[in-house]
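Novice: Can you read through this structure? Questions will come right after.
The values are calculated or read from the model by the stated rules, or taken from the named source; none is laboratory data. Only a predicted model underlies this, so the values are computations on that prediction, with no experimental measurement involved. Cβ placement follows ideal geometry from the backbone for every residue including glycine, while neighbour counts extend to all protein chains displayed. With ligands, DNA and RNA removed, areas are computed over all heavy atoms of the protein, side chains included. Shrake-Rupley method; radii C 1.70, N 1.55, O 1.52, S 1.80 Å.
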Amino acid sequence: MTKTESERCTDLDLGFTVGLGMPFDETVEWAASEGFDFVEVLLDGPYARERIADRRESMRTTLTDTGVDLIVHLPFAVDPGSPFTPVREGVVDELIAGMELAATLDAENVVFHPSSDAWDLGWSEAECREFVHRSLDELVPAAHEHGLTPCLENIVSSYYDVTTFPELLERYPDASMTFDTSHALLAGMDESGMAEFCRDHADRIDHLHLVDTRTGDEHLPVGMGRIDFTTVFDGLAAASWSGTATLEVGTEDYDTIALGKRHVEKVNRTI
């Protein structure tokens, strides 16, 4: 690789999501053997916080022994934007407890959704945004208190999809962003728009969810859908971006995950 090509590459650490049916130790050991830098674990289902609380020491040992880092995705099937105060407060308590677990596992980034599932006929958009803000007012500083970078994710059908996300970044200068490619596409942003967004907000994007799709939010590995990742990576490279990037895939097949990794590496080499 020439110096010019090297300068154009993004400086990313690459990982993948641990599927709910994937055994942790085996998966982390495989990740290390394939040259992945980290794995991302969603604290739900078999990996819900209460289910793995007594496994944290063994999990941390596996991560340390393999040299694989960890990113934690807090559960998204809870509603931090609930209009009902006891519900919202309970969600905040659970997400902060997830942060505490993430910290004990030596995670650096914690991903969560700035979302509201409030009934759109009963609550105005302004009210729902305020419900989200009330939770984020606690969650963003709580992440920092636990030594974690709060990486808020752009999602679909939210009061803060990618088109309005700059408003959220402005409101929370201590928060970072998880930029999700599939969610951006489904919110109406094409690849050129993604590249422009990444150039403009590179200093606030600490984490990527590299998700390909053909239709809907399919969670395909890079190279298996219709997203032009070369264009997206051009925007990242133009801003000399560095950070972590997860193949947020809906498969537990190691070969398919490895293929996604090769596609990312090829794109990153050729921009």
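Novice: Which FRET efficiency value, to the nearest 0.05, do you get for residue 137 and residue 56 by plugging their Cβ-Cβ distance into 1/(1 + (r/R0)^6) with R0 = 30 Å?
Specialist: 0.60
Novice: Quick one: Debye curve from the alpha-carbon atoms of region 1-139 only, equal weights, vacuum; give me log10 I(q)/I(0) at q = 0.13, 0.15, 0.22 Å⁻¹ to two decimals.
Specialist: -0.66, -0.79, -1.22
Novice: Something else about it: Which of the peptides 229-236, 176-183, 128-135 is most tightly packed, and how do the rest follow, going by the mean number of other Cβ atoms within 10 Å of each residue?
Specialist: My ranking of the peptides, most packed first, is 176-183, 229-236, 128-135.
Novice: Compute a Gaussian network model of the chain, connecting alpha carbons closer than 10 Å, and tell me which residue from 46, 173, 83 fluctuates the most.
Specialist: Among 46, 173, 83, the largest GNM mean-square fluctuation belongs to 173.
Novice: How much of the accessible area of the chain, in percent, comes from carbon and sulfur atoms when a 1.4 Å probe is used?
Specialist: Exposed carbon and sulfur together represent 46 percent of the surface.
Novice: Subtracting the Cα-Cα distance from 0.36 nm times the residue separation, let me have the gained length for residue 190 to residue 144 in nm, one decimal.
Specialist: 13.3 nm
Novice: Turning to a different aspect of this structure: Only helical DSSP H runs with n ≥ 4 go in: add -39500 (n - 2.57) per run for the chain, normalise by residue count and round the 222 nm mean residue ellipticity to 500 deg cm²/dmol.
Specialist: After summing the helix terms and dividing by residue count, I get -13500 deg cm²/dmol.
Novice: I would also like to ask the following. For the chain, what D do you get in µm² per second when you plug the Kirkwood radius from alpha-carbon pairs into Stokes-Einstein at 37 °C and 0.692 mPa s?
Specialist: 174 µm²/s
Novice: For region 148-183, list residues with backbone N below 17 Å from a point placed 7 Å from the Cα of residue 126 toward its Cβ?
Specialist: Residues 159 fall inside that zone.
Novice: Under a Cβ-Cβ cut-off of 14 Å, what is the net charge of the residues other than residue 174 that fall near it, where Lys and Arg count +1 and Asp and Glu count -1?
Specialist: -4
Novice: For the chain, what does the accessible surface come to per residue with a 1.4 Å probe? Please give it in Å².
Specialist: 43 Å²
Novice: Still on this structure, please answer the following. Compute log10 of I(q)/I(0) for region 130-265 with the Debye formula, placing one identical point scatterer on every Cα and leaving out solvent, at q = 0.12, 0.17 Å⁻¹, to two decimals.
Specialist: -0.47, -0.92
Novice: Hey, another quick one. For the pair residue 85 and residue 33, what calculated FRET efficiency results from E = 1/(1 + (r/R0)^6), where r is the Cβ-Cβ distance and R0 = 41 Å, to the nearest 0.05?
Specialist: 0.30
Novice: How much length is gained on full extension from residue 104 to residue 170, taking 0.36 nm per residue of separation minus their Cα-Cα distance?
Specialist: Between residue 104 and residue 170, full extension yields 20.8 nm more.
Novice: Further, regarding this structure: In nm, to one decimal, how far is the modelled label at residue 93 from the one at residue 270, with both set 7 Å along Cα→Cβ?
Specialist: 5.3 nm
Novice: Once both labels are modelled 7 Å past Cα along the beta-carbon direction, what's the residue 228-residue 77 spacing in nm?
Specialist: 3.8 nm
Novice: For region 169-222 and region 39-96, compute the distance between their C-alpha centroids and round to whole Å.
Specialist: Answer, in whole Å: 22.
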